[in-house]
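The values are calculated or read from the model by the stated rules, or taken from the named source; none is laboratory data. Since the structure is predicted, the reported quantities are computational estimates derived from the model, not experimental observations. Heads up, the Cβs are rebuilt from the backbone with ideal geometry, glycines too, and the neighbour counts pull from every protein chain shown.
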Amino acid sequence: MSVLKFNPRNAVLLLIIIIIAIIRVLNNFSTGITPLANYSPLAAMALFGGAYFGGRIKPLAFPLAAIFISDVILFATVYKQYGNGFLYSGWVWVYAAFLLIAWSAKLIIKKVKVHSLVMAIVVAVLIHWIVADLGVWIGSAEYEQNLSGFTACLIAAIPFELRLLTATIIYSAIMFVVFEWMKKRFHVLQTI
């Protein structure tokens, strides 16, 4: 029987994602900083995991697990009235978007550089915008089930996507800068 080896790099990456997920939950519980609740770190968490975790499963599974756990906590407490008994309607579309975001980060961010990170952030917001709003539009009574209805749905989502863009820039900068700094300081965190 093989013993799982402790990988400090993966532990630190996961710890950073967990800390950001905790900040997300605390922002939503705090009445004093409610405006921050609209600036979600979810896309940044998916980008970060996709960029740094090796293999095929970890880049997708670790960030999504943190997103899922924080969603379960929030929809069992603060956002209970918006839930549908488990999470919220349309969660499948949102999670599909975050899976695609993590996967796109794996493809775009081969080496962490400002230009690749900026490109990944733009792609992440576009993925979220199209995939999550596809879930809002399909079967909606509010939007016609044609191209003009989908376009109207996308236009209505622009304010939300601008907040996602802002949050993704801020949280990505924090997460990537912290880990890059730690990599320089602690060589054990370098890619093996």
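For (1) of a type in the set (Asp, Glu); (2) crowded, with 17+ Cβ neighbours inside 10 Å; (3) over 14 Å from Arg24 (Cα atoms); (4) modelled with pLDDT of 90 or more, each residue gets a yes or a no:
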site	(1), (2), (3), (4)
Leu60	no, yes, yes, yes
Pro63	no, yes, no, no
Asp71	yes, yes, no, no
Thr77	no, no, no, no
Lys80	no, no, yes, no
Asn84	no, no, yes, no
Ser89	no, no, yes, no
Val94	no, yes, yes, yes
Leu100	no, yes, yes, yes
Test: residue in region 146-156 that is in contact (Cβ under 8 Å) with a residue 24 or more places away in the chain, surrounded by 14 or more Cβ atoms within 10 Å (Cβ to Cβ) and within 30 Å of Glu180 (Cβ to Cβ): no
Count - residues of region 139-192 that are touching a helix residue (DSSP H, G or I) at 6+ places or on another chain (Cβ under 7 Å), of a type in the set (Phe, Trp, Tyr) and not in a helix (DSSP H, G or I): 1
Evaluation of Val112 against (1) out of contact with any His (no Cβ under 7 Å at 6 or more places or on another chain); (2) touching a residue at least 60 places away in the same chain (Cβ under 8 Å); (3) in a helix (DSSP H, G or I); (4) not aromatic (Phe, Trp, Tyr) (one fails), failing number: (3)
Positions within region 1-16 being modelled with pLDDT of 90 or more and either assigned to a loop (DSSP other than H, G, I, E, B) or touching a helix residue (DSSP H, G or I) at 6+ places or on another chain (Cβ under 9 Å) (or both), in sequence order: Pro8, Arg9, Asn10, Val12, Leu13, Leu14, Ile16
Some residue of region 80-91 being among the aliphatic types (A, V, I, L, M) and under 28 Å from Trp137 (Cα atoms): yes
Filtered residue count, region 41-82, keeping only those that are closer than 19 Å to Phe160 by Cα, outside any helix (DSSP H, G or I) and without any contact (Cβ under 8 Å) to a residue 60 or more places away in the chain: 1
